[in-house]
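Notes for the one structure printed next.
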Amino acid sequence: MWFLHVLVVTAVLQWSVVTGEGQADQLTLSLCRVWEECLEKAMVNDLENSELGTPEAICGDFLDMLEKHGVDCGTLLYPEEETAGVEQLLSSLEPLPGDEQQQQESSSTPSDGDETNKGEGGYKQLLPHNPPANTDDLLRSTHFDDCSEWYTAQSIFGSIASGVFSIKPAHVNDPISVYCDQTTEGGGWTVIQRRFDGSLEFFRRFNAYQDGFGDSSSEYWLGLDNIYRITAQNAYELYIELEDWSGNVKFARYSSFSVGPGSDYTLSVGGYSGTAGDGFCLSFSSTNNGMKFSTRLHDRDTSSLSTGEFYGGGWWFGSSSLSDLNGPYFRDTDGFNDNNGYGVYWAPFTGDLFYSLKKTKMMVRPTDFSTRVANMRQGKK
Ligand SMILES: [Ca+2]
């Protein structure tokens, strides 16, 4: 457990250097959430029985360091309880399994909580007995904004892995399930679209594209409302990974990416780099940049045709488009042409508008992610 302590110390020191003491920014909030994760992780791993102390003691060191830098995680995480410091929060935790002394002490006082959750560990035990009246604040405090925050938490615990995680971007009512790519170009990516076997139908109407469809463990579209909320939190970049039927993998990266609010969900994208070519055609009049989102029966393009109907799927179509990663899925053995849709295409990939790709992955990450991680790693040396 000592290594966790060391990592936490270095993370906090680096953070204080970078952001200045006591600044209640996103990273600070993120570190407070890491502290909550620390408590949960310690309990899950039964570390309370280790010779190094209870979860409160281990994670409390982390907390002490934050407080020395003028951060009150209690106020940040539970803004409705402005007078409740984190020490108070800690003292309100349920007794820990195996901590008989604490259990005996608490058994002498009547509990107003639900007895059935005792001894199970997890978040239920971490929450105060009297939660804030504003349940949105409470829910937000137990979820990360995106996969980059999951990366930060994972790196502190030394177990970075891609997979399905729950996030709760600002102003989203309920937590959402997403796939986090923690390996490509340093990780921290929140996947917003993923296709690899054609098992999911993408020829859907506008409200489906607003809400999202599919499963985060398989093929899916995260939904325009969610993508808007995520990219409104910070400055984000976009990474598109594409694979053809011969196993060639290429990428298109955009240093800025956001989707505007509904009902237009206007695409703002810029700063192309990569190997797949600029399928959003930033420097051409037919660019997708600045276009509204169109689907079948929801024509918001700048063409006299309904390109959402013509190309299939939903996309930021303009007068035409050299890309449509939500188009109909074809296998390399399928014969297809412009009568049944152009397929899943990113024309600059092959130079062939009619080539339908095998795999697509669109993902976003805050633009300051790499700097943040580099600073943390520097602190670990
Ligand atoms: Ca039109």
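The values are calculated or read from the model by the stated rules, or taken from the named source; none is laboratory data. As the structure is a computational prediction, the values presented were derived from the model and not from experiment. Glycine also receives a Cβ, built like all others from the backbone with ideal geometry; neighbour counts cover every protein chain displayed.
The condition of being in contact with a Lys or Arg (Cβ under 9 Å, 6 or more places away or on another chain) and buried (at least 17 other Cβ atoms within 10 Å of the Cβ) does not hold for residue 209. Selection of the range 164-204 for residues being more than 17 Å from the chain's Cα centre (by Cα) and modelled with pLDDT under 95 yields only 203. Please work out which residue is farthest from residue 204 (Cα to Cα), limiting yourself to the range 299-320 and to residues that are within 12 Å of the ligand (Cβ to nearest atom) and touching a Gly at 6+ places or on another chain (Cβ under 7 Å). If we take residues in the range 299-320 being within 12 Å of the ligand (Cβ to nearest atom) and touching a Gly at 6+ places or on another chain (Cβ under 7 Å), then 302 is farthest from residue 204 (Cα to Cα). Examine the range 337-345 for a residue that is within 15 Å of residue 202 (Cβ to Cβ), without any contact (Cβ under 8 Å) to a residue 60 or more places away in the chain, more than 16 Å from the ligand (Cβ to nearest atom) and surrounded by fewer than 17 Cβ atoms within 10 Å (Cβ to Cβ), and state whether such a residue exists. The answer is yes; a qualifying residue exists. Just the residues that are within 19 Å of residue 368 (Cβ to Cβ), in contact with an Asp or Glu (Cβ under 8 Å, 6 or more places away or on another chain) and surrounded by fewer than 24 Cβ atoms within 10 Å (Cβ to Cβ), please, taken from the range 175-196. Across the range 175-196, the qualifying residues are 184, 187.
Screening residue 329 against (1) buried (at least 23 other Cβ atoms within 10 Å of the Cβ); (2) within 14 Å of the ligand (Cβ to nearest atom); (3) within 29 Å of the chain's Cα centre (by Cα); (4) not polar (S, T, N, Q) leaves a single unmet condition, (2). The single condition from (1) more than 16 Å from the ligand (Cβ to nearest atom); (2) surrounded by fewer than 22 Cβ atoms within 10 Å (Cβ to Cβ); (3) of a type outside the set (S, T, N, Q) that residue 224 fails is (2). Hey, can you tell me all the residues within the range 267-298 that are surrounded by 18 or more Cβ atoms within 10 Å (Cβ to Cβ) and within 12 Å of the ligand (Cβ to nearest atom)? 291, 292, 294, 295, 296, 298, listed by residue number. Where strands (runs of 3 or more DSSP E) sit wholly within the range 235-343, those with at least 2 residues that are among the aromatic types (Phe, Trp, Tyr) occupy 236-243, 249-259. For the subset of the range 242-264 comprising residues that are within 19 Å of the chain's Cα centre (by Cα) and among the aromatic types (Phe, Trp, Tyr), which member is nearest to residue 354 (Cα to Cα)? Across the range 242-264, the extreme among qualifying residues is 254.
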